[in-house]
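Quick one: this structure, given as C-alpha cells, is what I'll be asking you about.
We did not get these values from a lab; they are worked out from the coordinates using the rules stated. Worth saying up front: this structure is predicted, and the values here are computed from it rather than measured. So basically every Cβ, Gly included, is an ideal-geometry build from the backbone, and we count neighbours across all protein chains shown.
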Amino acid sequence: MYAFLEGRIESLGPPVVLAVGGVGYEVWVPERVARGLLGAGEPVRLHTHLAVREDDMTLYGFATAAQREIFRALISVNGVGPKVGLAILGDVGADGVLRGIQRGDAKPLLAIKGVGKKTAERIVIDLEEKAAAWVELGPTPAHLAAPDETPDETPVDPQGDEVRMALLELGVSPERADSAIAALRADGVESDRIEDLLREALRRLHPAR
C-alpha cells in the first residue's frame, strides 16, 4: 500500500513519528536505522511495509528497499513475525543476515530474543535461494567479502568497518561511505561509541546549509 514515506522526523520514538503532508505516521524501524536518524526536523525517506491484522495495522520502515525485502523474506519464514524480523535487522543487520545464510551459520541469530535454534536454522535453510538472488543484484560490498578476497595490505580499522556497514545499510553508496570515513580520520575524530562516529559521518555527508 505504501512503497515509501518521505517527510520530516517529529519524534525518534520508538516508534519514529514521520510528518508527511500534515499527517504524522508512526513507523517502527530497526535499531540500526534509528541510530542513523539525526533528530527532529530532519528530512528522511523510509521504505515501508504495512502489516495488517484483524485489529491492527502497523508500519515498518527501512533505510533502503533492499532492507525491506530482507525483512519481508524473514517474516515469510514460519515462526518469524514482524517484531522478530525487526529485531534481527536491528541487531544482526541486513548484511549479517545475508552473511549468515551464505555461510550456513545460524549462530548469530540465536542472540535475538524470540529466535530459538530451530527458528534460526529454518531461516538459514528457507532463505538460501533468496540470499543467492540478493547477491546477484549487484557486486558484493567489501564488508561481505570472504576473508581471502580481502587484500592483505588493507589497514585494519574495525570501527571504520562498522561505520561503513551502517552507512551502507542506510542507503549510502560505497564511494560516499568511504569518503565520509576518510573525512573522519582526516579530521582526527575518535570515539569509543560507533553511534557517535556514525552521526559524525552523516553530518559530513549532509552538512548544514
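How high is the FRET efficiency from E121 to K83, r the C-beta distance, R0 22 Å, rounded to 0.05?
0.65
I've got another one for you. 7 Å from Cα along Cα→Cβ at both E26 and R72: what's the point-to-point distance in nm?
It is 2.4 nm.
Using only alpha carbon pairs under 8 Å that are at least six residues apart, calculate the relative contact order of the stretch 4-62 and give it in whole percent.
Once divided by the residue count of the stretch 4-62, the mean separation gives 35 percent.
Turning to a different aspect of this structure: Please compute the modelled spin-label separation between S173 and R45, points set 7 Å along Cα→Cβ, answer in nm with one decimal.
Rounded to a tenth, the inter-label distance reads 1.4 nm.
Given 20 °C and 1.002 mPa s, how large is the Stokes-Einstein diffusion coefficient of the stretch 4-62 in µm²/s, with Rh as the Kirkwood radius over Cα pairs?
188 µm²/s
Work out the FRET efficiency for E129 and D187 from their Cβ-Cβ distance, taking R0 = 35 Å, and round it to the nearest 0.05.
The pair E129/D187 has a calculated efficiency of 0.20.
Ok, one more. Hey, what do the phi angles of the stretch 98-108 turn into as Karplus ³J(HN,Hα) couplings, whole Hz, using 6.51/-1.76/1.60 and θ = phi - 60°, x for Gly and Pro?
Values per residue, Gly and Pro as x: 4, 4, x, 5, 4, 8, x, 10, 8, 4, x Hz.
Dividing the convex hull volume of the alpha carbon atoms of the stretch 65-136 by its residue count, what do you get in Å³ per residue?
Convex hull of Cα atoms, per residue: 71 Å³.
Moving to a separate point now. Can you check what the net charge comes to around G7, using other residues whose Cβ is under 14 Å from the Cβ of G7 (Lys, Arg +1; Asp, Glu -1)?
Values: positive: R8, R45; negative: E6, E10, E26, E42.
Surrounding charge for G7 is -2.
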